[in-house]
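*Asks:* One structure follows; several queries about it will come next.
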Amino acid sequence: MNTVLVGFGFMGMTHTLNILKNPRIHLKAIVDKVPGNIFTKLTEQSGNFATGNVDAKDLSGVNIYSDFAECLKVEKPDACVIAVHTALHYEMAEMALQSGANVFLEKPFCIDAGEGERLINLARSKNKVLMVGHVVRFMPAYETLKKWIDSGEYGRLEFLALSRFSGVPIWGQWKERQKEFGSSGGALFDLVIHDIDFAQWVCGVPDQIEARCLPGKLSTHDYVSALWKYNDSDVVVKIDGGNTFHASYPFHAGFSARFENASVFFSSQDPHNIQVATDTETMLFSGGDSNDGFSNELYYFAECVLQGAQPVKCTPESALDSIRICHRHTL
């Protein structure tokens, strides 16, 4: 599957690393607005956690472009993996779909839900795969939690708490985004959406949301605390997260779940273990490697494209639901 990577920031580098590892995907080209800086970024780029490094020699046969339209015309890719700033998601994805390429679009989908709807309709009309990279759905610990919820392994789910915090991002273009207050969607759409998406995936779209947001350096909703409730279920979901802390504050994320017969705990501070507690014992289960989520989601996307199948595990319609739920937290 001949593929073009668009946007060589932190997430672009992460996806590049996993594309290079995947025998089903051939990286034909990289598009970045400052192509001359790509090899410099290999040693300078950072994020809120380590996802691995790209070796310069692995890019020796990859074409580099600054103009996406030219790249599409010359390379005619089967797929595009788009990891540009959120404000450019619609424009880049629309160009790729119009060219006949399948699209993997880094989350969030589009902050404007109407743009997301248009992309879904365009992908459908072109009979192409459109998938949004909600990576938490593909992380082993969260996959295990979903399995236990769906199977009733520990009885009915009664309470689910999800949290995700980091310092304010200052790597790559993020420092510049502080001058464009609100353009990124802030922590709500960039960080907390991971847990909003997972919660709606496993519990459904909530009927009631009680939310409180506080401003930070990027938007009016850089801290989010919310309770979700459902009319047809007693389950309560708690969402808590943001990036209002100083830049060097350590990233951490996790979940706590209360079932009828056991309570479950996972933290990125102890990433390889999931704790399950009953009234008489505590058991440990493998949490896997969260970084596997990035390779797993691209593997899944490639399988969909190569088999001519639409994604089921992460549909664009579900990704659009997550955008709409995010907006409900700002009301």
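FYI, it's all coordinate maths here, none of it is from the lab. These figures come from a predicted structure and were not determined experimentally. With ideal geometry, Cβ positions are generated from the backbone for all residues, glycine too; neighbour counts draw on all protein chains shown.
*Asks:* Here are some values of Cα extents along the principal axes in Å: (i) 69, 55, 39; (ii) 46, 46, 34; (iii) 62, 44, 38. Which one was computed from this structure?
*Replies:* (iii)
*Asks:* Any chance you could list P(r) for the range 140-289, counting all Cα-Cα pairs in 5 angstrom bins from zero, rounded to whole %?
*Replies:* P(r) over the range 140-289, rounded to whole percents: 2, 9, 18, 20, 17, 14, 11, 6, 3, 1, 0.
*Asks:* Hey, another quick one. Report the charge-dipole magnitude of the range 140-289 in Debye, nearest 20, computed about the Cα centre from +1 at each Lys and Arg Cβ and -1 at each Asp and Glu Cβ.
*Replies:* Details: 12 positive and 20 negative charges, 123 e Å.
The calculated dipole for the range 140-289 is roughly 600 debye.
*Asks:* Tell me, what is the percent relative contact order of the range 140-289, built from C-alpha pairs under 8 Å that lie six or more residues apart? Let's see the in-between values first.
*Replies:* Details: 313 pairs, mean separation 44.6, N = 150.
The value is 30 percent.
*Asks:* So, by mean Cβ neighbours within 10 angstrom, what's the order for 51-64, 70-83, 100-113 with the highest one leading? All intermediate terms of the calculation are to be shown ahead of the outcome.
*Replies:* Values: 51-64: 13.4, 70-83: 20.7, 100-113: 23.6.
Per-residue Cβ counts within 10 Å, averaged per peptide and sorted highest first, yield 100-113, 70-83, 51-64.
*Asks:* Greater than 19 Å separation of Cα atoms is the criterion. Which listed pairs, Lys76/Lys126; Lys21/Lys146; Lys28/Lys76; Lys28/Lys107; Lys73/Lys126; Lys28/Lys57, meet it?
*Replies:* On the way: Lys76/Lys126 15 Å; Lys21/Lys146 27 Å; Lys28/Lys76 10 Å; Lys28/Lys107 23 Å; Lys73/Lys126 17 Å; Lys28/Lys57 14 Å.
Checking Cα-Cα distances, Lys21/Lys146; Lys28/Lys107 exceed 19 Å.
*Asks:* Where does each of Phe294, Phe189 land when they are ranked from fewest to most other beta-carbon atoms within 10 angstrom? Mind showing how you got there, number by number?
*Replies:* Values: Phe294 21, Phe189 26.
The fewest-first ordering by Cβ neighbours comes to Phe294, Phe189.
*Asks:* Still on this structure, please answer the following. Treating cross-link reach as a plain straight distance, find the lysines whose alpha-carbon is under 22 Å from the alpha-carbon of Lys147, omitting any fewer than eight places away in the same chain.
*Replies:* Lys229, Lys238, Lys313
*Asks:* May I ask you to sort Leu162, Leu88, Leu331 by Cβ crowding, counting other Cβ atoms within 10 Å and putting the fewest first? Could you put the intermediate results ahead of the total?
*Replies:* Numbers: Leu162 24, Leu88 15, Leu331 7.
The order, fewest Cβ neighbours first, is Leu331, Leu88, Leu162.
*Asks:* How big is the charge dipole of the chain about its Cα centre, in debye rounded to the nearest 20, if each Lys and Arg gets +1 on its Cβ and each Asp and Glu gets -1 on its Cβ?
*Replies:* Rounded to the nearest 20 debye, it is 640 debye.
*Asks:* Next question, about the same structure. Mind checking the angle between helix 113-126 and the chain's longest principal axis? C-alpha axes, 0 to 90 degrees, to the nearest 10.
*Replies:* The angle comes out at about 60 degrees.
*Asks:* Antiparallel versus total DSSP beta bridges in the chain: what percent is that, nearest 5? Present the calculation step by step, with values, prior to reporting the outcome.
*Replies:* Details: 37 of 66 bridges.
So the antiparallel bridges amount to about 55 percent of the total.
*Asks:* Here is a further query. What list of ³J(HN,Hα) couplings, whole Hz, do you get for the range 140-145 from phi and the Karplus terms 6.51, -1.76, 1.60, once you set θ to phi - 60° and write x for glycine and proline?
*Replies:* Once rounded to whole Hz, the list reads x, 5, 6, 4, 5, 4.
*Asks:* Specify the angular offset, from 0 to 90 degrees and rounded to the nearest 10, of the alpha carbon long axis of helix 89-99 from the longest principal axis of the alpha carbons in the chain.
*Replies:* 50 degrees
*Asks:* Follow-up question, since we're still on this one. Using Cα pairs under 8 angstrom and six or more residues apart, how large is the relative contact order of the chain, in percent?
*Replies:* Details: 688 pairs, mean separation 64.3, N = 331.
It rounds to 19 percent for the chain.
*Asks:* Taking the Cα atoms only, what angle lies between the long axis of helix 193-203 and the longest principal axis of the chain, rounded to 10 degrees?
*Replies:* That works out to roughly 60 degrees.
*Asks:* In Å, the Kirkwood hydrodynamic radius of the range 23-157 over pairs of distinct alpha carbons? The partial results should precede the final answer.
*Replies:* Numbers: mean 1/r = 0.0582 Å⁻¹.
One over the average 1/r among Cα pairs gives 17.2 Å for the range 23-157.
*Asks:* With θ set to phi - 60° and the Karplus curve 6.51 cos²θ - 1.76 cosθ + 1.60, what are the ³J(HN,Hα) couplings of the range 270-286 in order, to the nearest whole Hz, using x for Gly and Pro?
*Replies:* Here the 3J(HN,Hα) series is 9, x, 9, 10, 10, 9, 10, 10, 10, 6, 10, 7, 10, 10, 10, 10, 5 Hz.
*Asks:* Please report Ser125, Ser295 as a ranked list, fewest other C-beta atoms within 10 angstrom at the top and most at the bottom.
*Replies:* Working: Ser125 9, Ser295 21.
Fewest-to-most ranking of Ser125, Ser295: Ser125, Ser295.
*Asks:* Let me ask something else about it. So for the range 255-331, taking the charge dipole from beta-carbon charges (+1 Lys/Arg, -1 Asp/Glu), which of Ala277, Ser256, Cys314 sits furthest toward the positive end?
*Replies:* With unit charges placed on the Cβ atoms, the residue in question is Cys314.
*Asks:* Can you tell me the length gained on complete extension of the stretch Asn121 to Glu153, counting 0.36 nm per residue apart and subtracting the Cα distance?
*Replies:* Numbers: separation 32, 0.36 × 32 = 11.52 nm, distance 3.83 nm.
The Asn121-Glu153 span can extend by a further 7.7 nm.
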